[in-house]
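J.: Here it is, the structure in full.
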Ligand code: A2P
């Protein structure tokens, strides 16, 4: 491992700025605002199509001495088209180039789903573009991920959208254990069993969509989706603490040691979300929020349009 990386082996910060669906035009200011606010963690992925802007904002923030590289935690992810072991190193190098960094703090396998390489940094509607996990096993991809740590291209490796059984398969062959599993989680989808499994294996759980995706795409695409930030229990707890519903949802996760990566490009909400670190919920609040769990996913994987592919929604999560 190189010296630069050794100095960054701090623990993963409990709150990071999410960047999925952040438009390029708003993201530069959002990253700078987050770093000025005190965020030390940015969550990225090449499929979000905005890493180049993040890279520019990071470079300028280092120059302006808003933060140093050593104090910052940057996560990115391996896209589905690059699971073949021989493609993994090029994939992280492309991401490093976009982010203008020479190492990542964490690199995750984004989905337990593989595409043909030709799909590139895209989603696909063509079932012929999918490659089955028996053709490109996740364990082979994992071994290639381990090489990245040995080469000093990232400090930690992990997975995203992985179920317990898929992590168990990795653990059987791993010489470097997954550091992190990033999955959807919020009070409507607590992921208790997965959290317990991760805790018992020293794997940090990160919650994406920790605000239930706020007013975002999940709600726009499904008017029946429950709105977390308007939930009565969450709002009452927020009022009691002179906090906001978003802060309550985030504080609940932080209290159970789940890392949160709320996405926002709005300066007020970026600051508001960071304020969740200061919110101490009462035991009664936590018990009331625990009761809201209904195993509700806003993102079930069906947006991959899996018809006739080697994957089903059930096979992704099993
Ligand atoms: P915006 O970027 O305009 O702030 P999640 O991280 O759960 O996917 O949620 C992201 C969505 O929630 C985005 O639409 C974001 O919009 C919105 N959002 C982020 N922070 C807050 C907040 N504190 N209160 C309300 N909505 C928020």
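J.: Give the residue that is surrounded by the most Cβ atoms within 10 Å (Cβ to Cβ), with candidates limited to residues of the range 112-126 that are modelled with pLDDT under 95 and more than 19 Å from the chain's Cα centre (by Cα).
T.: Selected residue: 124.
J.: Follow-up question, since we're still on this one. Return the residues of the range 275-291 that are touching a helix residue (DSSP H, G or I) at 6+ places or on another chain (Cβ under 6 Å) and either under 18 Å from residue 20 (Cβ atoms) or not in a helix (DSSP H, G or I) (or both); say none if nothing qualifies.
T.: Across the range 275-291, the qualifying residues are 279, 281.
J.: Hand me the list of strands (runs of 3 or more DSSP E) wholly inside the range 1-117 holding 3 or more residues that are away from the ligand (no atom under 16 Å from the Cβ) and in contact (Cβ under 8 Å) with a residue 40 or more places away in the chain.
T.: Passing ranges, in order: 104-109.
J.: With respect to the numbered conditions (1) surrounded by fewer than 23 Cβ atoms within 10 Å (Cβ to Cβ); (2) closer than 26 Å to residue 270 by Cβ, which one is the sole condition not fulfilled by residue 149?
T.: Going through the list (1) surrounded by fewer than 23 Cβ atoms within 10 Å (Cβ to Cβ); (2) closer than 26 Å to residue 270 by Cβ, residue 149 breaks only (2).
J.: Only one residue in 45, 84 is surrounded by fewer than 23 Cβ atoms within 10 Å (Cβ to Cβ), within 13 Å of the chain's Cα centre (by Cα) and at pLDDT 95 or above, so which one is that?
T.: 45
J.: Does the range 36-44 contain at least one residue that is closer than 24 Å to residue 130 by Cα and touching a helix residue (DSSP H, G or I) at 6+ places or on another chain (Cβ under 7 Å)?
T.: For the range 36-44, residues closer than 24 Å to residue 130 by Cα and touching a helix residue (DSSP H, G or I) at 6+ places or on another chain (Cβ under 7 Å): present.
J.: Here is a further query. From the list 308, 295, which one is in contact with a helix residue (DSSP H, G or I) (Cβ under 6 Å, 6 or more places away or on another chain), under 25 Å from residue 112 (Cα atoms) and part of a loop (DSSP other than H, G, I, E, B)?
T.: Just one listed residue meets the conditions, 308.
J.: Go through (1) under 29 Å from residue 40 (Cβ atoms); (2) more than 12 Å from the ligand (Cβ to nearest atom) one by one and return the number of the condition residue 222 breaks.
T.: Tallying (1) under 29 Å from residue 40 (Cβ atoms); (2) more than 12 Å from the ligand (Cβ to nearest atom), residue 222 fails exactly one: (1).
J.: Looking at (1) assigned to a loop (DSSP other than H, G, I, E, B); (2) at pLDDT below 95; (3) under 19 Å from the mean Cα position of the chain (by Cα), which one does residue 316 not meet, given that it meets all the others?
T.: (1)
J.: Scanning for something closer than 26 Å to residue 57 by Cα and at pLDDT 95 or above, does the range 127-147 turn up at least one residue?
T.: Taking every residue of the range 127-147 in turn, none turns out to be closer than 26 Å to residue 57 by Cα and at pLDDT 95 or above.
J.: Moving on to the next point. When residues of the range 241-258 are filtered for being within 10 Å of the ligand (Cβ to nearest atom) and either modelled with pLDDT under 95 or not in a helix (DSSP H, G or I) (or both), how many remain?
T.: 1
J.: So, one more: Being within 20 Å of residue 206 (Cα to Cα), in contact (Cβ under 8 Å) with a residue 12 or more places away in the chain, within 20 Å of the chain's Cα centre (by Cα) and more than 16 Å from the ligand (Cβ to nearest atom), is that true of even one residue in the range 280-295?
T.: Scanning the range 280-295, I find at least one residue that is within 20 Å of residue 206 (Cα to Cα), in contact (Cβ under 8 Å) with a residue 12 or more places away in the chain, within 20 Å of the chain's Cα centre (by Cα) and more than 16 Å from the ligand (Cβ to nearest atom), so the answer is yes.
J.: Taking residue 182, is it surrounded by fewer than 20 Cβ atoms within 10 Å (Cβ to Cβ), in contact (Cβ under 8 Å) with a residue 40 or more places away in the chain and within 30 Å of residue 71 (Cα to Cα)?
T.: No: the conditions fail for residue 182.
J.: Output the number of the condition that residue 171 fails; it satisfies all remaining conditions of (1) out of contact with any strand residue (DSSP E or B) (no Cβ under 6 Å at 6 or more places or on another chain); (2) more than 27 Å from residue 284 (Cβ to Cβ); (3) surrounded by 20 or more Cβ atoms within 10 Å (Cβ to Cβ).
T.: (3)
The values are calculated or read from the model by the stated rules, or taken from the named source; none is laboratory data. From a predicted model like this one, the values you see are computed outputs, not experimental measurements. Cβ sites come from the backbone with ideal geometry, for glycine too, and all protein chains shown count toward neighbours.
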